[in-house]
Amino acid sequence: MMSVAELEAAQIQLEQPTGGLWHEAWYRLTHNVGAIIGGVLVALFVVAALGAQWIAPAHPSNETFLIGGILKPEPPSLDHLLGLDIQGRDVFSRIVYGARYSLLIGVVSVSIGLSIGVLLGSIAGFVGGYIDALVMRLMDIMLAVPGLLFAIAIVAMLGAGLWQVMVAVGVVNIPIFARLLRGSVLAQRDNDYVLAARAVGVPRRRILFSHILPNAMSPVIVQGTLAMATAIIDVAGLGFLGLGPQDPSTPEWGTMLTDVNEYLAAAPYLAIIPGLAIVISVLGFNLIGDGLREALDPKLRGRA
Amino acid sequence: MLRFVVRRLLLLVPILLGLSLLLFFWVRALPGGPAEALLGERATPELVAQYNERYGLNEPVYKQYFKYLGVTARDRDLGVSAASHRKVSTEIRERFPATVELAFMAMLFAVVVGIPLGFFAAKRYGGLFDQMSLFLSLIGISVPIFVLAIILKYVFAVRLGWLPSVGRIDLLIFDAKHPTNFYVLDAIITREWSTLWDVIKHLILPAIALGSIPLAIVARITRAAVLDVQNEDYVRTARAKGLPPTVVDGRHVLRNALLPVTTVIGLQTGLLLSGAILTETVFAYPGVGSWLRDAIFNRDYPVLQGGILFLAVIFVLVNLVVDVGYALINPRIRYS
């Protein structure tokens, strides 16, 4: 049984987090089971990426010579937690170092898509007129090609490799962010606070950058998180197709799956382990993205 | 309605022009010049000269572009593959039906499993089944197609040996006739039932792998739509007048809930085309996807240029059909 005072205290606890949008969003995010699980998965991924040299027991391209000097795959054991691959390299170390590539590629490609997309979208939305029409038709054309196909075309032009893949996945993301931000800016443009800023003579550029953009950012944050998930999938897909890093000893997760077909019967764990690594990191970003969407949704505000 | 269709068709023009422009400059940005790039290993001085003549490559760039447009649109000539030395359009005719067949089966799988899954999840909103379906659809969008494909191939083809692991048809069936190149259709036309079974067996694993993402999305959308519709006044009225629950669900809830689902199905059909590249690579399935993948490795630029243009046109057309179809089945939207 709770006393009346305790009940009231509990009531107050519930009502406390109303310190603005971000405070409230943070509160809701940290009380969302899915988002917490996602956060843990992403934290694991980031820790593996940043601390690879301390976590991994071996260098990712170190070959373990077995008895008789033959390199061969070996199933997971106590010596090698996730086994050895076809070249006798420690799979666990390769997965840990691989996180580095996925994180780097994900962050760089999403940043490319986000920054250019946000710039184009906000200019189109704020300036309007023929610039808007021109930019958005260009985005329509880019969206007319399915994403992966578009990325492949870009890689085919630039040649296969790590940075080419980052650019390709980044460019594919541009129209998505541009559209999102244009819609968001259009929704903000006619708000009273913009009118007020205009009335007191704030320059147009400052209205856009310090008044409209901060208010139009929340869908971009959600999309950015979800785009990390798709970027990791797309980059792994391009790596799997053989378009990623050209040095086959690079421990990129998708690249690790390229030749897996040939020894699927003999060493299935070589296919399953990198696959699981991709799934775990993607799942993490998807869960956080969904949680953020709920946390930042203005329709859900005040319902902690 | 007619105005909407016309406007939508007119919007195709800038999109297709833009695409052709992109592909045109793409080939011109390739190392060694367009003629050498497109001819590949066959690039003898005579052939290069002939090519330059046909595409007007010695003329100013804007004239080259119009020539390229003319050759592509009027003659439907997409060039000759640098690797196989066959016409790109012939190869598309052979391989595109394979991809369509695969995409159709994938969509069938997604719809047949996804709609009931979403429907029953909504019926048991918040229950165990609902939670499980949400979890499954989250997994569905988080597992890359090619990872799922590899796992399916390992379990059902390599380990259990239930289904074939590669190709479109058993190599021993070499006397099958292919009047349409849609193997399922061909087997039915020629009444080769054992061939039909073989072709279907080859389709099952790739279709499940390719259909996993649309499955997750169809299930999610169906669930959300059923939840929306369930509390509508007309559903309450139908219940109140004593209609059996199955009739209410079928005639009133599901029929209205399926409207948004159809759009999603259409949009996803277009996306299946790019997913097919990965699936076909894992299962060595001879469709346009694996064809493009090989083209990348062979630097077969005519195939890449023609194939990407072709797929993009198909994608745009599918989206158009979806939009128009949506306007037709939804009486509330009249696109004025």
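Do we find that A:A168 is on the phi < 0 side of the Ramachandran plot and either among the acidic types (D, E) or under 22 Å from the mean Cα position of the chain (by Cα) (or both) in this structure?
Yes, satisfied.
Kindly list the number of the only condition in (1) more than 15 Å from the chain's Cα centre (by Cα); (2) in contact (Cβ under 8 Å) with a residue 24 or more places away in the chain that fails for A:F240.
In the conditions (1) more than 15 Å from the chain's Cα centre (by Cα); (2) in contact (Cβ under 8 Å) with a residue 24 or more places away in the chain, A:F240 misses (2) alone.
Looking at (1) modelled with pLDDT under 80; (2) open to solvent by less than 10 Å² (accessible area, probe 1.4 Å); (3) more than 14 Å from every other protein chain (Cβ to nearest Cβ), which is the only condition B:L185 fails?
All conditions pass for B:L185, except number (2).
Within the range A:111-137, which residues are in contact with a helix residue (DSSP H, G or I) (Cβ under 7 Å, 6 or more places away or on another chain) and within 14 Å of chain B (Cβ to nearest Cβ)?
A:V135, A:M136, A:R137
Given the residues B:Y301, B:Y285, which is the only one that is within 12 Å of chain A (Cβ to nearest Cβ) and either modelled with pLDDT under 75 or buried (at least 19 other Cβ atoms within 10 Å of the Cβ) (or both)?
Just one listed residue meets the conditions, B:Y301.
Here is a check on your reading of the model: is A:Q246 away from every other protein chain (no Cβ under 14 Å) and at negative phi?
Criteria not met by A:Q246.
Quick one: which helices (runs of 4 or more DSSP H) sit completely within the range B:68-174 and have at least 3 residues that are more than 14 Å from chain A (Cβ to nearest Cβ), open to solvent by 40 Å² or more (accessible area, probe 1.4 Å) and in contact with a Gly (Cβ under 7 Å, 6 or more places away or on another chain)?
Hits in the range B:68-174: none.
Looking only at the range B:163-176, decide whether some residue is modelled with pLDDT of 85 or more and among the small types (G, A, S).
Scanning the range B:163-176 turns up no residue that is modelled with pLDDT of 85 or more and among the small types (G, A, S).
Residues in the range A:175-183: is at least one buried (at least 20 other Cβ atoms within 10 Å of the Cβ), in a helix (DSSP H, G or I), touching a Phe, Trp or Tyr at 6+ places or on another chain (Cβ under 7 Å) and of a type in the set (A, V, I, L, M, F, W, C)?
Within the range A:175-183 (the criterion being buried (at least 20 other Cβ atoms within 10 Å of the Cβ), in a helix (DSSP H, G or I), touching a Phe, Trp or Tyr at 6+ places or on another chain (Cβ under 7 Å) and of a type in the set (A, V, I, L, M, F, W, C)), the answer is no, since none of the residues qualifies.
Can you tell me which residues in the range A:263-284 are facing chain B (nearest Cβ under 9 Å), open to solvent by 10 Å² or more (accessible area, probe 1.4 Å) and touching a residue at least 24 places away in the same chain (Cβ under 8 Å)?
Answer for the range A:263-284, where residues must be facing chain B (nearest Cβ under 9 Å), open to solvent by 10 Å² or more (accessible area, probe 1.4 Å) and touching a residue at least 24 places away in the same chain (Cβ under 8 Å): A:I280, A:L283.
For the range B:19-43, name all the residues that are surrounded by fewer than 17 Cβ atoms within 10 Å (Cβ to Cβ) and modelled with pLDDT of 75 or more.
Once the filter is applied, which keeps residues that are surrounded by fewer than 17 Cβ atoms within 10 Å (Cβ to Cβ) and modelled with pLDDT of 75 or more, the range B:19-43 yields B:L21, B:F25.
Being touching a helix residue (DSSP H, G or I) at 6+ places or on another chain (Cβ under 7 Å), at pLDDT below 80 and more than 14 Å from chain A (Cβ to nearest Cβ), is that true of even one residue in the range B:233-252?
Yes.
Taking the range A:95-123, which residues are surrounded by 24 or more Cβ atoms within 10 Å (Cβ to Cβ) and without any contact (Cβ under 8 Å) to a residue 60 or more places away in the chain?
A:V96 - this is the single residue of the range A:95-123 that is surrounded by 24 or more Cβ atoms within 10 Å (Cβ to Cβ) and without any contact (Cβ under 8 Å) to a residue 60 or more places away in the chain.
The values are calculated or read from the model by the stated rules, or taken from the named source; none is laboratory data. None of these values were measured; they are calculated from a predicted model. For neighbour counting, all protein chains shown are included, and Cβ atoms are generated from backbone atoms with ideal geometry for every residue, glycine included. To get the accessible areas, we keep the full protein, side chains included, count just its heavy atoms, and leave off ligands, DNA and RNA. Shrake-Rupley method; radii C 1.70, N 1.55, O 1.52, S 1.80 Å.
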